[in-house]
């Protein structure tokens, strides 16, 4: 995850196969205290991502873990159109991205 828009929020996103699906774990450093930040897998790449493909659980205390049922990692990683994980500033500020990572 690479910080965007001066946020200094960077970290990692890990996709792991689990029970026919994918576990997506986000770890962000420098998340503001008390922040609840929405996250999604979007079509396209950083920084100009497109539509939401898979909603993820909000990042709270620097972490988010979501299970995407029925979608193995190989349907996400290497998809020809490309996907990116994006973390938004807040539910009331979805247009400001604070961190993004291209899925490869």
(message) Name the residue that is nearest to residue 11 (Cα to Cα), counting only residues in segment 71-95 that are modelled with pLDDT of 95 or more and more than 13 Å from the chain's Cα centre (by Cα).
(response) 90
(request) For segment 55-70, name all the residues that are surrounded by fewer than 17 Cβ atoms within 10 Å (Cβ to Cβ) and either touching a residue at least 24 places away in the same chain (Cβ under 8 Å) or touching a helix residue (DSSP H, G or I) at 6+ places or on another chain (Cβ under 9 Å) (or both). (result) 60, 61, 62, 63, 65, 67, 69, 70
(request) Check off (1) in contact with a strand residue (DSSP E or B) (Cβ under 6 Å, 6 or more places away or on another chain); (2) without any contact (Cβ under 8 Å) to a residue 40 or more places away in the chain; (3) outside any strand (DSSP E or B) for residue 74 and give me the number that stays unchecked. (result) (1)
(request) Please find, among 19, 15, the residue that is in contact with a strand residue (DSSP E or B) (Cβ under 9 Å, 6 or more places away or on another chain) and crowded, with 18+ Cβ neighbours inside 10 Å. (result) 15
(request) Sort out which residues of segment 48-69 are assigned to a loop (DSSP other than H, G, I, E, B) and modelled with pLDDT of 95 or more, and write them in order of number. (result) 61, 62, 69
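The values are calculated or read from the model by the stated rules, or taken from the named source; none is laboratory data. Values in this document were obtained by computation on a predicted structure and should not be read as measured data. Because the Cβ atoms are built from the backbone with ideal geometry, glycine has one as well, and the counts that use them run over all protein chains shown.
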